[in-house]
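**Q** The structure is given below, and queries will be raised subsequently.
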Amino acid sequence: MPLPIPSPRTVLFRLHWALGLTAGFVLALMGLTGALMSYEEAITAFANRDRTRVEAGDRVPLAPSALAARIDAQAGGRRANILTLSEDPQASVFVRFARDPETRERPPSIYADPYDGAVLGPVRLEAAFKTVEDLHRWLLIPGGSKGWGRTITGACTLALIVFLATGLYLRWPKVHRWRIWLKPSLSRPGRPRWWSLHAVAGTWLTPVYLIIALTGLTWSYPSVKDGATWLLAGTPERAKPARPAGSRAAPPLPEAGSGPALDRAWAAFRAGEGREAGLAILTLPGGDAKVIRIRWLPQGVDAPSARNEARYDATTGALLATEHAADMPLGRRLVENILEVHRGRFFGDLFALLFGLAALAMPGFAATGLTLYILRRRAAARRRGTERTAGPVAAEAKPRRALT
């Protein structure tokens with residue numbers, strides 16, 4: 001006798017719970033770590049609040065070259081690579097060092113006094129969040145981005161898309177009412193209550209999870225990243241257009257020889273592009289670098305998606321090109337800020353909170369899904385037990401033929 005062919009609904013249902021019992025638990029871990037990383041900046045700032053502030057008084061900030069030199073002198077062979085400078089006179093400087101040429105590891109970051117270059121101390125919790133990031137991206141499996149961990153998390157991200165598609169299909173109602181779709185029936189006892197909570201919460205969060213999954217795939221699969229770049233920003237040549245300096249009047253540079261090119265570029269930035277800057281991220285030139293890169297945010301703005309950029313010649317300090325977020329097409333801004341889209345911060349603080357709560361809810365989906373699986377197995381076992389006991393009873397209950 002041939003085995004019955006399962007219906008498409010049955011196949012998708014089994015696929016849904018099979019992935020839930022495997023990829024679901026990895027996604028729960030990724031959700032917890034992702035929610036924690038969403039507020040890394042705020043948590044780190046609170047933990048380092050005594051090192052992020054300095055006494056300004058009447059002191060004058062050091063020029064970038066002198067500041068970097070004093071920091072390097074205290075760094076034990078490490079070389080400052082990125083300086084984050086603020087217009088706030090009481091803000092310290094956030095310093096990142098260049099990667100080790102052999103291990104390619106980046107040394108711990110520090111805070112420094114912008115007025116005398118004194119090192120105020122390392123960034124607390126930086127190492128802890130680096131571990132959380134590695135756990136989120138490749139589960140701390142040896143090999144890092146080139147090991148099996150990245151393959152596993154990438155596959156689980158694909159599984160999240162399958163969860164969304166199969167989940168919507170399985171709960172598709174015969175009669176469409178908004179209450180069925182969007183309001184959980186918590187008054188129903190047992191398994192229906194858990195199913196309603198699982199399904200309705202998943203429906204509410206489907207758009208958020210879809211954005212998280214699609215952006216997450218760009219780190220797991222280079223082809224997805226290339227495709228997203230082509231779709232949103234066009235060809236690679238068009239992906240990073242830069243406005244030549246000649247298209248905008250640039251302030252005159254200090255006289256040649258009046259200081260290092262880094263200081264001349266910084267002076268030109270402060271007199272021109274940086275007049276409205278509240279925060280500037282200065283990438284120091286090193287080795288054979290030909291460009292000094294300054295990314296900046298306007299005063300009163302902390303959204304990374306509003307970040308602008310100016311590039312200067314590393315030899316002369318002359319302005320080469322500028323990029324302003326307001327001038328970029330939406331697709332280009334999405335590509336440039338894919339991490340902020342992934343975290344929800346691209347859309348504003350309210351959406352960032354929603355994305356963080358959605359990531360935090362992933363363990364809840366794993367828990368409710370496991371509960372539904374266990375309750376279903378128990379119900380099936382009870383039915384089989386009832387059928388086994390009902391068989392003999394039914395046979396004994398049949399009337400016997402009278403003997404003649």
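**Q** Which ³J(HN,Hα) values in Hz, rounded to whole numbers, follow from the phi angles of the stretch 351-358 under the Karplus curve 6.51 cos²θ - 1.76 cosθ + 1.60, where θ = phi - 60° and Gly and Pro get x?
**A** 5, 4, 5, 4, 5, x, 5, 5
**Q** Another question, if that's okay. At 7 Å along Cα-to-Cβ for each site, give me the label-to-label distance between D349 and W230 in nm.
**A** Placing both labels 7 Å along Cα→Cβ, they lie 4.1 nm apart.
**Q** Do any GluC sites (Glu not before Pro) in the stretch 70-150 lie in a loop, going by DSSP, with at most 16 other beta-carbon atoms within 10 Å of their beta carbon, and if so which?
**A** Here the GluC sites (Glu not before Pro) that fit, given the DSSP loop and packing criteria, are E87, E102, E105.
**Q** Between rounded, prolate and oblate, where does the stretch 285-380 land on the alpha carbon gyration tensor, with a ≥ b ≥ c its root eigenvalues, rounded for a/c under 1.5, else prolate if a/b exceeds b/c?
**A** prolate
**Q** Filter the trypsin sites (Lys or Arg not before Pro) in the stretch 44-133 to those in DSSP coil with at most 11 other Cβ atoms within 10 Å of their Cβ, and list the result.
**A** Of the trypsin sites (Lys or Arg not before Pro), the ones in loops of the stretch 44-133 whose Cβ has at most 11 other Cβ atoms within 10 Å are R49, R104.
**Q** Using r as the Cβ-Cβ distance of R193 and L15, and R0 as 25 Å, what FRET efficiency do you calculate, to the nearest 0.05?
**A** Result of the calculation: an efficiency of 0.55.
**Q** With every protein chain left in place, what is the accessible area per residue of the chain in square angstrom, probe 1.4 Å?
**A** On the way: 24060 Å² over 404 residues.
Here the residues of the chain average 60 Å² of exposed surface.
**Q** Probe radius 1.4 Å, ligands and nucleic acids ignored: give me the carbon and sulfur share of the accessible area of the chain as a rounded percent.
**A** In the chain, the share of accessible area belonging to carbon and sulfur is 62 percent.
**Q** For labels at E102 and A289 in the simple 7 Å Cα→Cβ model, what's the distance in nm?
**A** 2.3
**Q** Also: Note the angle between two axes, namely the Cα long axis of helix 222-233 and the longest principal axis of the Cα atoms of the chain, as a number of degrees from 0 to 90, rounded to the nearest 10.
**A** Tilt of helix 222-233: around 70 degrees.
**Q** Based on the Cβ-Cβ distance from Y221 to V60, what FRET efficiency comes out when R0 is 45 Å, to the nearest 0.05? Can you show the working numbers first?
**A** Numbers: r = 50 Å, r/R0 = 1.11.
My answer for the efficiency is 0.35.
**Q** Compute the angle between helix 191-220 and the longest alpha-carbon principal axis of the chain, please, reported from 0 to 90 degrees and rounded to the nearest 10.
**A** That helix lies at roughly 40 degrees to the long axis.
**Q** Note down the accessible area of S92, probe 1.4 Å, to the nearest 10 Å².
**A** Accessible area, nearest 10 Å²: 10 Å².
**Q** Using only Cα atoms, tell me the angle between helix 64-74 and the longest principal axis of the chain; keep it within 0 to 90° and round to the nearest 10.
**A** 70
**Q** Sticking with this one: From the C-alpha coordinates alone, can you work out the Kirkwood hydrodynamic radius of the stretch 79-208, in Å?
**A** 19.6
**Q** Continuing with the same structure: Applying 1/(1 + (r/R0)^6) with R0 = 35 Å to the Cβ-Cβ distance of T316 and A118, what FRET efficiency is obtained, to the nearest 0.05?
**A** Working from the Cβ atoms, E equals 0.65.
**Q** Show that you can apply the helix-only estimate: for the chain, add -39,500 (n - 2.57) for every DSSP H stretch of four or more residues, divide by all residues, and state [θ] at 222 nm to the nearest 500.
**A** Calculated mean residue ellipticity at 222 nm is -17000 deg cm²/dmol.
**Q** Which residues in the stretch 47-83 have a backbone N closer than 19 Å to a point placed 7 Å from the Cα of A127 along the Cα-to-Cβ line?
**A** Residues 47-49, 51, 75-79 qualify, since their backbone N sits under 19 Å from the label point.
**Q** Give me the extension gain from T22 to R49: residue separation times 0.36 nm, minus the current Cα-Cα distance, reported in nm with one decimal.
**A** Result: 5.6 nm gained on full extension.
**Q** Exactly which trypsin sites (Lys or Arg not before Pro) in the stretch 168-201 are in a DSSP loop and have at most 13 other Cβ atoms within 10 Å?
**A** Those satisfying the criteria are K174, R177.
**Q** Taking 7 Å along the Cα-to-C-beta vector as the label spot, tell me the A69-E40 distance in nanometres, rounded to one decimal.
**A** Label-label distance for A69 and E40, simple model: 3.4 nm.
**Q** Shifting gears a bit: Looking at the square roots a ≥ b ≥ c of the eigenvalues of the Cα gyration tensor of the stretch 55-121, which shape do they give, rounded for a/c under 1.5, prolate if a/b is larger than b/c, or oblate? Provide the component values of the computation, followed by the final result.
**A** Numbers: a/c = 2.52, a/b = 2.13, b/c = 1.18.
Because a/c hits 1.5 or more and a/b exceeds b/c, the stretch 55-121 counts as prolate.
The values are calculated or read from the model by the stated rules, or taken from the named source; none is laboratory data. Remember, it's a predicted structure, so these values are computed and weren't measured experimentally. In this analysis, Cβ positions are derived from the backbone assuming ideal geometry, glycine residues included, and neighbour counts consider all displayed protein chains. Only protein heavy atoms, including side chains, enter the accessible area calculation; ligands, DNA and RNA are left aside. Shrake-Rupley method; radii C 1.70, N 1.55, O 1.52, S 1.80 Å.
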